[in-house]
Amino acid sequence: MTVPDGTMEERAESTLQLLREGVGRIYHPVLLAEDLVGIPDFLERTEVPSDLGDFSYRPVDINISASPKPEHAVQLGFYSLLLESLHGVMLPTADVILVDRTRATIEMASAVESAREMIAEAREVLAGRRETPTLSSECGMCPWNDYCLKAMSASADISLIDGLGKTKKGPLNALGYVDLEDIANAASDALSQVKGIGQRMAERIVRQASVLLDGRPKMISRPQFPNAEIELYLDMECQQQTQVIYLIEVLESRPDGEEFRAFVAERPEDEGEMWDELLAYLQGLPRDPVIYHYHSFESTHLRKLAERHGLRPDVEPKLFDNLIDLHRVLKDSVVLPIHSYGLKTVAKWLGFRWTETEADAAMSMLWFDLWLSTGNRDCLEWSIEYNEDDCRATKVVKEWVASVARHV
Ligand code: SF4
């Protein structure tokens, strides 16, 4: 049964009604207890007795994830607490349904403890405790992102420095390095004494802090790009649960124009065929290309594809000797006034805009899964279009770095 629409209180009342009736499953229930509210994906009946009678309920959540994560456990622990206050019993486990439709059962004892601690902290914040946010990889997906970024920028928080997350911020704060100015003026030798920060990283974060304060990019070394008649900008997408590469896309750039080539495994079992098509394309090029990609994902997975499906010795150098990781080149040659060196952040800072503004790699994977499950070809096309933009963005970054290098 699905809880009917209405105000939160009405939906909570309908949920209680369905709980008392003992129906098998309750979809989108509203669990309301004091100042707490939780909406699991569904509740399922068990035969463990509770205040309701000779049955009770346990929460189940559905997540686009290949394995259960700590945050899934805490969420289920929170729902278990709410259920306990509604029907007087807490069951020892709860389930999460993963992206491959399998169920993972999670023990609730420590998850409930973590949920209790978080509730206590949230109540302290509501009562006026000031909380300083820390920039982390979770922030991009978080609805508080804009608010927290503003707060962090206002206090010039040191977590705005790329790579300086929670684990390093605490020890640095304890030594008196609280804001960007403190880091920009610090001696790298002193910073390198902090656990997890070596000399090289210390020098990098000092530079990064001063560029963030200054707002202008700074060249630190002149990158060398090989002269090549054919440049390829390569990007690929991977299906999360199977790790199958379903799309390799190449923007081929020559002096007389450019063209996209999409190598697609329309079904996971077509990966080998797609790989062969890519190799045949590379073999057919009149000259050795330079192959630009962004970050290590592409080079790692090209090697895995070669292991899975083979690579002729004459094609191997054409592919692997010509790969250039632009992320590495960028970080070694220029410091940018941004908080992350991910392709999205860097290309957006350079003015590049993705056609589908809300899309990201997770959305592209979802489109591919939808194509597989529904056969709707539009979903496959959207995934290909998204990837084209990633190739274009990679080219924009390369051209910018090359042009800055020319003018230094
Ligand atoms: S945006 Fe704010 S609330 Fe969200 S994860 Fe980042 S710091 Fe935490």
Task: Footprinting exposure proxy for Leu126, Leu83 (fewest neighbouring C-beta atoms within 10 Å first) - done: Leu126, Leu83
TODO: Go through Thr46, Gln283, Gly196 and say which Cα lies farthest out towards the positive end of the charge dipole of the chain; charges sit on Cβ, +1 for Lys and Arg, -1 for Asp and Glu.
DONE: Gly196
TODO: For the range 69-173, state the semi-axes of the equivalent ellipsoid (square roots of 5 times the eigenvalues of the alpha-carbon gyration tensor), sorted largest first and rounded to whole angstrom.
DONE: 31, 18, 12
Open item on the list: Using a 10 Å cut-off around each Cβ, can you sort Thr345, Thr2 from fewest to most neighbouring Cβ atoms?
Closed with: Thr2, Thr345
Task: Neighbour-count ranking [beta-carbon atoms within 10 angstrom, fewest first] of Lys331, Lys195, Lys398 - done: Lys195, Lys331, Lys398
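Given the rule -39500 (n - 2.57) for each run of at least 4 DSSP H residues, summed and divided by the residues of the chain, what is its mean residue ellipticity at 222 nm, to the nearest 500 deg cm²/dmol? Don't skip to the answer; put the middle values down first.
Values: 15 runs with 187 residues, N = 408.
Roughly -14500 deg cm²/dmol at 222 nm, from the helical runs in the chain.
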TODO: With label points built 7 Å along Cα→Cβ from the Cα atoms of Asp35 and Thr374, find their separation and express it in nm.
DONE: 4.2 nm
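Determine the dipole magnitude for the range 231-406: charges of +1 sit on the beta-carbon of Lys and Arg, -1 on that of Asp and Glu, nothing else is charged, the reference point is the Cα centre, and the result goes in debye to the nearest 20.
The calculation lands at about 760 debye.
Rounded to the nearest angstrom and ordered from largest down, what semi-axes does the equivalent ellipsoid of the range 231-406 get from its C-alpha gyration tensor (root of 5λ)? It would help to have the intermediate numbers written out before the result.
Numbers: eigenvalues 125, 92, 41 Å².
Rounded to whole Å, the semi-axes are 25, 21, 14.
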Open item on the list: Principal axis extents for the range 133-194, Cα atoms only, whole Å, descending order, please.
Closed with: 37, 20, 17
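Quantify how much of the Cα-Cα distance distribution of the range 182-232 extends past 13 Å, in percent.
Working: 821 of 1275 pairs.
Across the range 182-232, Cα pairs with separations above 13 Å total 64 percent.
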Open item on the list: 5 Å is the cut-off here: which amide hydrogens, built 1.01 Å from N in the peptide plane, fall below it relative to Leu247, excluding neighbours closer than 5 in sequence?
Closed with: Glu237, Ala265
Open item on the list: Given contacts defined as C-alpha pairs under 8 Å and at least six residues apart, what's the relative contact order of the range 139-215, whole-number percent?
Closed with: 28 percent
Task: 5 angstrom amide H check on Phe55, placed H, neighbours 5+ away - done: Ser50
- [ ] Counting only C-alpha contacts under 8 Å and six or more residues apart, can you give the relative contact order of the chain as a whole percent?
- [x] 10 percent
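Relative to the Cα centre, what is the charge dipole magnitude of the chain, using +1 at the beta carbon of each Lys and Arg, -1 at the beta carbon of each Asp and Glu, and rounding to the nearest 20 debye? Walk me through the numbers before you get to the answer.
Values: 42 positive and 68 negative charges, 334 e Å.
Dipole about the Cα centre, nearest 20: 1600 debye.
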- [ ] Mind pulling up the Rg/Rh value for the range 8-126? Radius of gyration and Kirkwood radius, both on Cα.
- [x] 0.95
Open item on the list: Show log10 I(q)/I(0) for the range 152-300 at q = 0.13 Å⁻¹, two decimals, from a solvent-free Debye sum over equal Cα scatterers.
Closed with: -0.80
Open item on the list: Given bins 10 angstrom wide, list per bin the percent of all Cα-Cα distances in the chain, short to long.
Closed with: 4, 17, 22, 23, 20, 11, 4, 0
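Each value in this text was obtained by applying a stated rule to the coordinates, not by laboratory testing. Since this is a predicted model, take the numbers as computed values, not measurements. Note: ideal-geometry Cβ built from the backbone for every residue, glycine included; neighbour counts use all protein chains shown.
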